[in-house]
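The values are calculated or read from the model by the stated rules, or taken from the named source; none is laboratory data. Just so you know, these numbers come straight off a predicted model, no measurement behind them. All Cβ positions, glycine included, derive from the backbone under ideal geometry; neighbour counts span all protein chains shown.
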Amino acid sequence: METKNIMIVGVGGQGSLLASKLLGRLLLTKGYDIKVSEVHGMSQRGGSVVTYVRFGDKVYSPIIDKGEADFIVSFELLESSRYTEYLKKGAKVITNTQQVNPMPVIVGAAEYPENLVEKMKNAGIDVDALDALSLAEEAGNSKAVNLVLLGRLSKYFDFTDEEWMTAIEQSVPPKFLELNKKAFELGRNA
Amino acid sequence: MKQLMLGNEAVARGLFEAGCSFVSSYPGTPSTEITEAVAKFQEVYAEWAPNEKVAMESAFGASLSGRRSFCAMKHVGLNVAADPLFTIAYTGVNAGLVIGVADDAGMHSSQNEQDSRHYAKAAKIPMLEPSDSAEAILFTKTAYEISEKFDTAVLLKMCTRVSHSQSVVETGERKEFFKPYEKNPGKYIMMPGNAKKRHPIVEERTKALTEYAETSSLNVLEEGTSNEMGFITSSTSYQYVKEVFGNTYPVYKLGMVWPLPVKAIKNLAEKVEKLIVVEELDGFIEEHCASIGVKVFGKEIFPCIDELSQNKVASLLGKEVSCGPALSENIPNRPPVMCAGCPHRSLFYTLKKNKLNVLGDIGCYTLGAVPPLAAMDTTICMGASVSGLHGFNKNSENESRSVAVIGDSTFMHSGVTGLINVAYNDSNSTVIILDNSITGMTGHQQNPTTGMNLKGDPAAKIDLEALCRAIGIKRVRVIDPYDLAQCNEAVKEELAAKEPSVIISRRPCALLKYVKHQKPLTVDKEKCRNCKMCMQIGCPAISITDGKAKIDNTLCTGCGVCKQLCKFDALKGE
């Protein structure tokens, strides 16, 4: 199988590490070779963060380069727009429509671009946009955005419900399990 | 059982399996998780040392005592530990000693992108370099075998992409190791008479290691189907070459990057039409090839700046790479910022307001350099704020308008020696210790000021005030940085004083689990006049929407600093 590439992007502190951990667990049970690359340290402090998840028969590079991503899963709208050059032909962007202003916007040095979903679509990008924050709140906690987005991503893969649920059980603390499962379902069915 | 493991965790696993029982490190991205992960094994004693020099010397002592030992650091940490490194090269070891060093090409979280391989060559110490997590386990264990067989410390070089990537590994069992200490003054007391006898041994050792490099399974020639080109590479660069070319051309993958083989490289050069060295940062392997008379292509193709990637390797070797669509829209940057509730913020606001020269240091608070706070003049290396300020101030007129800012952990690392110089050579400097009770930037590690050790147990806690006084600083005061008036008063008074002083700005990091946050502030829209005073502190929780201040409830910790800036009483909090 040719290597599949998923980029998970967002703002430092939004919980993208859990999403990549969960994906990694699931893919491992399917027998794939996997590489997951994270960024630690200074970039975590509210900056733009990227996690690369790659799987296939044999994966060499730990990173995803421009023109290679099959999916971008984005926790924040501006961040999905930042990385469109990484998409390969026919790739999909799954993005939360939540907007988090970066510091240049907060201090008035730049403006948060309007209608980004439309602009991405106009550029020929296949965008699946959803209000993951509201769905996470509906599930019981705004921090469950990661599971909502994974639920949405699951629509595009052939893995069974049971396989996803096992991976969720292995990745979240027991007391938040039901909440996370609900968030996953809401994302999957939204 | 197969599992996914972070490169750094894999090093820790390798240490465990190798029977390593002593680890001493100072945190530094991207090396930190090695020591955090190894601390979870009951069989391994692990600690945070105040700095890398102490860590390496402690690890050496443990090796001497008969236990396989280890220390980890980032590339710039090896500069701090360079002093013991160069002489441990002469003494050799008793039980195996492995030194982990993690480079940061691309400077994801560093102040330079120096190439640690030069240290291996300069100190005459072998260096292994894994390219994924499975190799990180294997090479760590092999490093101990080399260390004991050749009587030398061994450097284990990681880099951001290997340290912070998870890949598939299989784990093994732990084998305990102990080799009793025997006194040997000629080997371990490096005074000239003894060291002169040790130096030839070091040179012979390098020759023996070069022979080992020729046939070691660490260095592997992977055959290709065409000899039009051939590659010599290592670490993550190897992964990029394989990603682009698969099994088309022969690839000589080096797991040991110092000393480098001679015959094996010459043999490959004869076989292929064009030999290409792919390596990140400096042309280290390339220079070796040149020195043995082998023509290679390297840095004339690949830059010595920044990380490589599969696209860079492909395009620089003439292969076409495609790119997804870019939006014509200008996408604003999202630089890292000080967190909402960060106790450093108000202090930097005070320094900016007073238009001071600020000699900065290494930590989260380096973010005080970016707008809107923009209150920093220099950042060099750990501790350089305090010693730099001394030089900046001494016999100059700067002393009344210049300060040093340094975090608690950085102060313990190497700021304290600078403060001794301030006191001893009396430069009338004002040093501000930003005591947030944790090593923040690298992700919350304990240090000698926190009262806890790496394993989370209670530990001796340095009394910073008493330490500063013992050094000879008479003016030592503690302030709460959330109180802007107190910050301002302290800074003004200490700068006006005619003697050296220390201000300890004390409040725990807002992200620490035990720190209780206040309720988020609210905005009285009637009173808000859009003066944007609250925007001066660069808090990510505050923005202006429709001409009024707006507080992000999910971010605001209720620290109340913005409230103190509002002249119209528009911000409400408890």
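Tabulated results
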item	result
Residues of region B:1-18 satisfying the condition of being in contact with a Gly (Cβ under 7 Å, 6 or more places away or on another chain), surrounded by fewer than 24 Cβ atoms within 10 Å (Cβ to Cβ) and more than 16 Å from B:Phe177 (Cβ to Cβ)	B:Leu4
Sole exception among (1) surrounded by 17 or more Cβ atoms within 10 Å (Cβ to Cβ); (2) more than 31 Å from the chain's Cα centre (by Cα); (3) outside any helix (DSSP H, G or I) for B:Leu511, by number	(2)
All positions within region B:459-474 that are part of a loop (DSSP other than H, G, I, E, B) and within 18 Å of B:Glu493 (Cβ to Cβ)	B:Ile473, B:Lys474
B:Ser501 vs. criteria within 14 Å of another protein chain (Cβ to nearest Cβ), surrounded by 15 or more Cβ atoms within 10 Å (Cβ to Cβ), of a type outside the set (A, V, I, L, M, F, W, C) and in contact with a strand residue (DSSP E or B) (Cβ under 7 Å, 6 or more places away or on another chain)	no
Of all residues making up region B:146-200, the number that are touching an Asp or Glu at 6+ places or on another chain (Cβ under 8 Å) and in a helix (DSSP H, G or I)	4
Region B:525-552 residues that are within 12 Å of chain A (Cβ to nearest Cβ), paired with ones that are surrounded by 21 or more Cβ atoms within 10 Å (Cβ to Cβ) and basic (Lys, Arg) (beta carbon under 9 Å, 6 or more apart)	B:Ile537/B:Arg345; B:Gly538/B:Arg345; B:Cys539/B:Arg345
Region B:280-290, subset within 29 Å of the chain's Cα centre (by Cα) and either surrounded by fewer than 18 Cβ atoms within 10 Å (Cβ to Cβ) or outside any loop (DSSP other than H, G, I, E, B) (or both), residue nearest to the other protein chains (Cβ to nearest Cβ)	B:Ile285
Criterion: in a helix (DSSP H, G or I), in contact with a Cys (Cβ under 7 Å, 6 or more places away or on another chain) and not assigned by TED's automatic domain parsing to the domain that holds B:Asn447 - qualifying residue of B:Ala59, B:Ala37	B:Ala59
Helices (runs of 4 or more DSSP H) contained entirely in region A:133-190, each with at least 2 residues that are closer than 18 Å to A:Thr29 by Cα and out of contact with any Ser or Thr (no Cβ under 8 Å at 6 or more places or on another chain)	A:145-154, A:161-171
Any hit, region B:340-354, residues being more than 9 Å from chain A (Cβ to nearest Cβ) and β-branched (Val, Ile, Thr)	yes
Lone unmet requirement of (1) within 30 Å of B:Ile473 (Cα to Cα); (2) among the basic types (Lys, Arg); (3) within 25 Å of the chain's Cα centre (by Cα) for B:Lys352	(3)
Residue within region B:101-110 that is assigned by TED's automatic domain parsing to the domain that holds B:Val44, under 18 Å from B:Glu52 (Cα atoms) and surrounded by fewer than 24 Cβ atoms within 10 Å (Cβ to Cβ) present	yes
Entirely in region A:11-116, the helices (runs of 4 or more DSSP H) that have 2 or more residues that are touching a residue at least 12 places away in the same chain (Cβ under 8 Å) and within 9 Å of chain B (Cβ to nearest Cβ)	A:16-29, A:77-82
Qualifying residues in region B:291-337 (those that are touching a residue at least 12 places away in the same chain (Cβ under 8 Å) and facing another protein chain (nearest Cβ under 7 Å)) - the one farthest from the chain's Cα centre (by Cα)	B:Gln310
Test: residue in region A:128-148 that is out of contact with any Gly (no Cβ under 8 Å at 6 or more places or on another chain), modelled with pLDDT of 95 or more and among the β-branched types (Val, Ile, Thr)	no
Residues of region B:214-259 satisfying the condition of being surrounded by 24 or more Cβ atoms within 10 Å (Cβ to Cβ) and farther than 27 Å from A:Ile64 by Cα	B:Trp258
Filter result for A:Glu76 (at negative phi, touching a Gly at 6+ places or on another chain (Cβ under 6 Å) and surrounded by 21 or more Cβ atoms within 10 Å (Cβ to Cβ))	yes
Residue that is of a type outside the set (Lys, Arg), under 28 Å from A:Gly24 (Cα atoms) and away from every other protein chain (no Cβ under 14 Å), where the choices are B:Ala62, B:Ala18	B:Ala18
Selection from region B:425-449 of residues that are part of a strand (DSSP E or B) and either of a type outside the set (A, V, I, L, M, F, W, C) or within 14 Å of chain A (Cβ to nearest Cβ) (or both)	B:Thr430, B:Asp435, B:Thr439, B:Gln445
